[in-house]
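All remarks here apply to the structure that follows.
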Amino acid sequence: MTAKLLESRKKSIKLVVWFLVAASLCFTVASCSYRLTNLHTAAPNGIKTVFVEAVYDTGSEVVPHELLWDELQRAIAANGQLHLAQPSGADAILRAQIISSQTGKAGERRVSQNNRKTREPDYFVGQSPPPTKGQVRNLSVADDYYLKTRWQSFVRVELWDLRNQKLILQREYPMSGEVLANRGDVSAQLHHLRHEESFNASFGNSARSVAEKVVTDILTR
């Protein structure tokens with residue numbers, strides 16, 4: 001019994017040792033793999049500091065472009081390979097321009113006055129009586145509406161080397177999203193406020209994604 005017990009213990013110890021060796025190898029390989037995949041990311045032309053200029057918005061629709069400006073700065077700071085700086089002490093300047101923006105209808109179409117039997121008021125010259133109050137179209141209520149709003153913007157991003165005035169990077173990025181335009185669970189007075197909040201959140205999420213792509217493109221040229 002003693003010999004068998006010793007043999008069993010030896011096998012258990014061998015298994016533990018093999019497990020530790022395998023775990024150590026896996027950790028080493030994973031670490032090496034991580035380092036290898038990050039060797040290609042580096043600041044271009046020795047640039048260390050970047051100034052992010054305020055976003056220039058030339059789109060036809062009003063969008064919260066300041067959110068894109070915030071996200072670009074956050075993405076650079078989070079990456080750590082570049083540092084934010086003022087124009088006087090920066091190696092490069094990052095410029096973003098919203099070149100186009102548009103919104104459109106999306107989602108389900110709803111009809112609010114499908115039983116309306118009214119008409120636009122005519123010009124009367126005494127030939128017939130004017131329409132009664134119930135016959136005049138209610139202009140404060142839309143005949144139909146859509147539950148969602150779809151928006152889309154395109155952003156042009158440029159990175160300029162301030163030391164030699166050369167353009168390092170120029171690319172365009174799409175931004176898009178959908179927001180709920182009509183909420184049946186709130187009063188009509190709150191529809192506009194809720195829509196604005198939803199639009200800002202949607203724009204901010206898309207801006208965050210674009211900002212991360214911009215930083216990746218700068219470091220992996």
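Summary of computed values
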{"quantity": "Wholly enclosed strands (runs of 3 or more DSSP E) of the stretch 73-181 bearing at least 3 residues at pLDDT below 65", "calculated": "92-111, 144-161"}
{"quantity": "Meets criteria (under 19 Å from the mean Cα position of the chain (by Cα) and either within 21 Å of residue 197 (Cβ to Cβ) or surrounded by fewer than 13 Cβ atoms within 10 Å (Cβ to Cβ) (or both)) for residue 89", "calculated": "no"}
{"quantity": "Any hit, the stretch 78-91, residues being in contact with a His (Cβ under 8 Å, 6 or more places away or on another chain) and under 27 Å from residue 164 (Cα atoms)", "calculated": "no"}
{"quantity": "All positions within the stretch 35-72 that are among the polar types (S, T, N, Q) and either in a loop (DSSP other than H, G, I, E, B) or at pLDDT below 90 (or both)", "calculated": "37, 38, 41, 45, 58, 60"}
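The values are calculated or read from the model by the stated rules, or taken from the named source; none is laboratory data. Just so it is clear, the model here is predicted, and its values are computed rather than measured. Because the Cβ atoms are built from the backbone with ideal geometry, glycine has one as well, and the counts that use them run over all protein chains shown.
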